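For reference, the structure discussed in these notes is given below.
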Amino acid sequence: MVLKHEHIIKIYHTLPLNFEATFHKPDHFESLNHFYKDGVIWQTFRFNNKVLGVKFWWNSTKKFITTEIFSKNRLSDEFINSFKNEIKYRYNLNLNLNTFYKSCSDDDKNSLVNIAIKNLYGMRPGHASSLYEYLVIGVMLQNTNVKRTIKMLNSLFVNYGVKVEFDQKEMYAFWNAGDLMNVLEDELRELKLGYRAKTVKKIDNLFSDGKIDEIALRGATFEKQQKALMSIYGVGPATVWYLLFDIFHRYDFFNHISPWEQKILSQLIFKTSLDQ
């Protein structure tokens with residue numbers, strides 16, 4: 001799919017902003033739906049049943065993000081404005097970070113929190129993906145290393161995603177939720193997904209049946225959000241925390257630390273060995 005129509009908009013944000021750490025976080029891994037080089041981010045989106053290619057770059061002196069949207073057909077002003085608001089939500093561009101920084105101002109400057117603040121000052125919690133896409137990525141991350149995760153996710157893109165060309169880049173966009181309805185579990189297993197094939201199928205069915213509505217959940221209470229997420233096959237306590245934090249911007253929920261995170265935090269805080 002050639003995305004030949006271009007629309008350039010400005011997206012304003014609160015300050016401070018660490019553009020690169022917000023749009024290309026240190027914990028992200030490379031896959032076929034995004035590309036980063038020299039402070040510029042190329043990302044594919046599927047929004048309101050349209051496939052988009054988006055290019056983001058930032059000039060700190062101008063205090064806005066230049067956003068170039070590529071599409072197959074011309075987009076209405078209403079669609080562009082809606083997508084602009086979605087970008088602000090997903091990347092948390094209206095977040096007031098100053099309250100958090102002020103609360104830590106009296107801490108020891110060499111504390112772990114202040115070292116993290118110094119290194120990632122202006123980074124926003126958030127994610128480029130929809131809830132459905134985030135869940136698929138999360139399933140690919142389960143019980144394996146990043147190399148295999150990338151291989152499995154890219155296999156899904158090549159087989160079920162949409163190959164797009166924009167701004168002299170060839171990338172892939174996610175498929176629609178429900179597009180895997182007629183895909184057999186065995187077909188997914190042939191892509192070396194293992195047990196994840198069953199999980200992906202169940203998640204796809206759940207969304208295609210309309211049993212999970214991300215937009216409605218954004219305005220729901222914390223209890224309703226947690227209950228809905230825990231009802232999703234394959235989602236446990238650790239995944240719920242990631243979803244509430246990244247997708248629904250809940251910062252006051254942290255009641256589970258997975259075993260591998262326990263090891264890392266123990267090493268950082270108590271200087272224990274990662275082998276313990």
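The values are calculated or read from the model by the stated rules, or taken from the named source; none is laboratory data. Being a predicted model, the structure only gives us computed values, none of them experimental. Neighbour counts run over all protein chains shown; Cβ positions are idealised from the backbone, glycine included. Calculation scope for accessible area: heavy atoms of the full protein, side chains included, ligands and nucleic acids excluded. Shrake-Rupley method; radii C 1.70, N 1.55, O 1.52, S 1.80 Å.
Things to note:
- Listed by first and then second residue, the pairs linking a residue in the stretch 55-67 that is of a type in the set (D, E, K, R) to a residue that is surrounded by 13 or more Cβ atoms within 10 Å (Cβ to Cβ), with Cβ atoms under 6 Å apart and 6 or more places separating them unless they lie on different chains, are 55/42; 55/68; 55/167.
- Only residues that are open to solvent by less than 20 Å² (accessible area, probe 1.4 Å) and not in a strand (DSSP E or B) were counted in the stretch 162-174, giving 1.
- Residue list for the stretch 19-33, filter: surrounded by fewer than 18 Cβ atoms within 10 Å (Cβ to Cβ) and either touching a Phe, Trp or Tyr at 6+ places or on another chain (Cβ under 6 Å) or in a strand (DSSP E or B) (or both): none
- Where residue 67 falls short, out of the listed (1) under 30 Å from residue 204 (Cβ atoms); (2) of a type in the set (S, T, N, Q); (3) open to solvent by 20 Å² or more (accessible area, probe 1.4 Å): (3)
- In the stretch 210-253, the residues that are over 21 Å from residue 140 (Cβ atoms) and in contact with a Gly (Cβ under 8 Å, 6 or more places away or on another chain): 249
- Of all residues making up the stretch 237-261, the number that are in a loop (DSSP other than H, G, I, E, B), at pLDDT 85 or above and out of contact with any Asp or Glu (no Cβ under 8 Å at 6 or more places or on another chain): 4
- So residue 48, is it touching a helix residue (DSSP H, G or I) at 6+ places or on another chain (Cβ under 8 Å), polar (S, T, N, Q), surrounded by fewer than 19 Cβ atoms within 10 Å (Cβ to Cβ) and touching a residue at least 12 places away in the same chain (Cβ under 8 Å): yes
- Selection from the stretch 102-122 of residues that are hydrophobic (A, V, I, L, M, F, W, C) and either loosely packed, with under 10 Cβ neighbours inside 10 Å or more than 17 Å from residue 21 (Cα to Cα) (or both): 104, 112
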